[in-house]
Amino acid sequence: MLGTILLLLALAKPACPSPASAASRRAEALKRLLEVFGMEDPPPRPAHFKQPPQYMVDLFNTVANADGVTKNPGILEGNTVRSFLDKTHDEKMRFLFVLSSVAKNEKILTAELHLFRLWPRATDGPKRQHFCQVSVYQVLEKSEPDAPEGKKLLAARLVSLQGSGWEVFAITQAVRDWTEDESSNQGLLVTVQGLGGSPLDPPPLQFASGRDHHESKKPMLVLFTDDGRRGASLPMAGFPGGSHMSVPKLTGPRSTRSLDRLQPCQRHPLSVDFEEIGWSGWIISPRGYNAYHCKGSCPFPLGENMRPTNHATVQSIINALKLSEGVSSPCCVPDKLYSINLLYFDDDENVVLKQYDDMVAGSCGCH
């Protein structure tokens with residue numbers, strides 16, 4: 001998005017000589033940059049050091065490269081992945097996830113309960129089982145979750161009693177209910193039974209709890225959502241200076257400036273450093289990225305290397321032959337844009353992976 005790239009240039013090199021004006025301009029630029037990222041205010045830095053869930057880190061590394069640029073666009077369902085840790089810290093297979101940070105306009109596509117299966121308890125005698133049945137219920141009545149009318153079955157399947165590792169259960173409908181009516185969120189109940197549904201006492205299978213186990217094994221709810229944003233735009237009319245936003249003037253020798261104008265349209269680096277902006281406290285990855293920007297001339301005749309559109313070719317001819325007044329030469333602009341991904345802590349210190357369209361100029365052309 002060309003407007004965003006210009007904004008970042010202005011943010012990096014404020015043109016106003018007065019310190020007060022420069023500070024005001026920077027504050028306005030940061031506010032607008034937050035709008036590009038779909039936020040009103042930056043989330044606060046977590047009060048204590050927090051390790052993000054390994055699942056979210058692995059997902060980020062699968063979807064994006066080290067700079068956050070999307071490398072596998074088909075992996076994510078929607079443009080947002082949210083993770084929530086259990087708030088009950090209970091041993092009794094009860095779980096509660098607070099979803100207040102989910103925006104009203106977010107569409108819940110998939111919701112998964114992630115539970116870490118611990119090594120099974122040793123059992124004596126020849127009746128040792130190899131599988132058990134794990135059921136996940138939506139709690140309807142908090143005071144009587146074990147009563148038939150106090151819970152609703154969401155998922156059930158056989159789970160191996162060999163080894164340890166993550167088990168994932170789809171609970172999408174329950175989460176949709178909770179986001180529509182917050183008061184209906186009474187949590188989840190998980191039960192472990194024998195193959196025929198018979199009770200097992202003590203149960204041979206246990207899942208890690210939020211209280212007594214390592215951070216990396218805590219129960220977690222993962223939501224795949226979509227907020228409907230596609231290619232966020234930044235209207236220049238509302239920015240200080242409007243569509244005539246000034247950028248730092250070149251101060252080099254005249255011959256250097258003339259040489260710069262003669263350079264053909266091409267892509268140039270444009271570094272965005274989140275630490276310099278002041279966002280490194282809540283952004284986990286990446287630390288910054290190269291947005292790139294397009295600069296250079298589009299002289300007649302336009303060659304194939306300038307990737308001109310048919311319209312740009314016609315405009316170039318009209319301009320060169322002076323066939324119509326007020327027709328300028330084509331402009332050097334991005335003709336391919338890539339999305340980036342941010343892994344960050346939200347206002348409630350939950351870890352979010354979000355994808356933003358049109359944030360990196362992939363190539364430039366004369367349009």
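The values are calculated or read from the model by the stated rules, or taken from the named source; none is laboratory data. Since we're looking at a predicted model, the values are computed, not measured. Using ideal geometry, Cβ is built from the backbone for each residue, glycine included, and neighbour counts are taken over all protein chains shown. What goes into the accessible areas is simple: the full protein's heavy atoms, side chains included, and nothing from ligands, DNA or RNA. Shrake-Rupley method; radii C 1.70, N 1.55, O 1.52, S 1.80 Å.
Key figures
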| item | result |
| --- | --- |
| Evaluation of PRO120 against (1) loosely packed, with under 15 Cβ neighbours inside 10 Å; (2) part of a loop (DSSP other than H, G, I, E, B); (3) in contact (Cβ under 8 Å) with a residue 24 or more places away in the chain (one fails), failing number | (1) |
| Residue, modelled with the highest pLDDT, within segment 34-64, restricted to residues that are surrounded by 14 or more Cβ atoms within 10 Å (Cβ to Cβ) and small (Gly, Ala, Ser) | ALA64 |
| Residue selected from segment 147-178 under the condition open to solvent by less than 50 Å² (accessible area, probe 1.4 Å) and among the aliphatic types (A, V, I, L, M), by the criterion modelled with the lowest pLDDT | ALA147 |
